[in-house]
Amino acid sequence: MNDKVILVVLDGLNLKVAQDCLGYLNGLVEHKKASQYSLYSELPSLSRPLYECILTGVTPIESGIVHNNVTRRSLFESIFSLAQAQGKTTAAAAYHWVSELYNRSPYDPIRDRHTHNESLSIQHGVFYHWDHYPDEALVLDGEYLRQEFDPDFLLVHSMNIDDTGHKFGLDSAEYRNCARHADIILSNFLPTWIEEGYQILVTSDHGMNNDKSHGGTLVEEREVPLYLIGDRFSHSDISIQQTELCGLVCELLGLLHHKPFVEEALT
Ligand SMILES: [Zn+2]
């Protein structure tokens, strides 16, 4: 057993497409090594507001991060800030908006793209600012951070699925194939992470629609998957809210916190 946590956020991944296209992850579910839940994203179903929701447990309406151009630091305790303040090591391979929310805003690629600073909430970061930054490179960045700095909490956040959805829409071979590709990339690393006993969450911020966008209340924009992998999870039949992911991770990390979480999700 291992108290370290890896949170994988596959940006813009619709639930149905995850269920249809992620062969490796659904194979883990079929062989009882993972459980899959459905989450309904908070509103608006937009990226930056939902990064804040996932990482702080606070809804966009409450956090004030209500659209993608609200460029400022979060006003709330996050998994990163709680973990860093309580002596844990934090790391993220993620889109630059995550650096803006929890480290420094606005993002300066020269200063922030490669971050190593123990006093920041995200102590070790590899951030990117291109929506087409390859998922292969991103997951490699995450694995580099894991091997090099042994973080207690690691966020791995990819963008290609969302980017492809904006170009081709939900009901497209391109969008589905991009999800299949992300599954193959993850299958290169997940066996090692599982073997080493990490508690792993794989989810998404929001889904996608056929207008090549998201942001509203359509089921396909809001329904996203949550895969839980690890022996700290109960794998029982429960319902989990997107606002409860933060508290769940804080519990796994053994942090003192006041975030909501579902006790039945854990053993
Ligand atoms: Zn998007």
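The values are calculated or read from the model by the stated rules, or taken from the named source; none is laboratory data. Predicted model, so just to flag it, every value in this text is computed and none were measured. Positions of Cβ are backbone-derived with ideal geometry, glycine not excepted, and every protein chain shown enters the neighbour counts.
If you take the residues in segment 30-55 that are away from the ligand (no atom under 16 Å from the Cβ) and in a loop (DSSP other than H, G, I, E, B), which one is farthest from F76 (Cα to Cα)?
Filtering segment 30-55 down to residues away from the ligand (no atom under 16 Å from the Cβ) leaves 30-40, 55.
From what's left, in a loop (DSSP other than H, G, I, E, B): 31-34.
Numbers: H31: 38, K32: 36, K33: 34, A34: 31 Å.
Ranking the candidates gives H31 first.
Of all residues in segment 68-104, which are touching a Pro at 6+ places or on another chain (Cβ under 7 Å) and more than 20 Å from E118 (Cβ to Cβ)? Hit for segment 68-104 is T71, nothing else. Give me the pairs, please: first residue somewhere in segment 169-193 and at positive phi, second residue anywhere and surrounded by fewer than 16 Cβ atoms within 10 Å (Cβ to Cβ), beta-carbon distance under 6 Å, and either six or more positions apart or on two chains. Qualifying pairs under 6 Å: G169/N210; G169/K212. Only one of the listed residues (A179, A137) is away from the ligand (no atom under 16 Å from the Cβ), among the small types (G, A, S) and either farther than 23 Å from E77 by Cα or in contact with a Lys or Arg (Cβ under 9 Å, 6 or more places away or on another chain) (or both). That residue is A137. Pairing residues of segment 80-101 that are surrounded by fewer than 24 Cβ atoms within 10 Å (Cβ to Cβ) with residues that are hydroxyl-bearing (S, T, Y) and assigned to a strand (DSSP E or B), at Cβ distances under 9 Å and at least 6 apart in sequence or on separate chains, gives S81/T90; Q84/T90; H96/Y128. Assess whether G27 counts as being away from the ligand (no atom under 15 Å from the Cβ), surrounded by fewer than 24 Cβ atoms within 10 Å (Cβ to Cβ), farther than 16 Å from L101 by Cα and without any contact (Cβ under 8 Å) to a residue 40 or more places away in the chain. Yes, satisfied. Scanning segment 210-246 for residues being part of a strand (DSSP E or B), over 17 Å from D162 (Cα atoms) and aliphatic (A, V, I, L, M) gives a total of 2. For E136, the criteria (1) buried (at least 16 other Cβ atoms within 10 Å of the Cβ); (2) in contact (Cβ under 8 Å) with a residue 40 or more places away in the chain; (3) in a helix (DSSP H, G or I) hold in every case but one, which is (1).
Condition check: more than 12 Å from the ligand (Cβ to nearest atom), of a type in the set (A, V, I, L, M) and at pLDDT 95 or above. Does L170 satisfy that? So L170 fails the test.
Of all residues in segment 1-24, those satisfying the criterion of being assigned to a loop (DSSP other than H, G, I, E, B), away from the ligand (no atom under 16 Å from the Cβ) and at pLDDT 95 or above are K4, L22.
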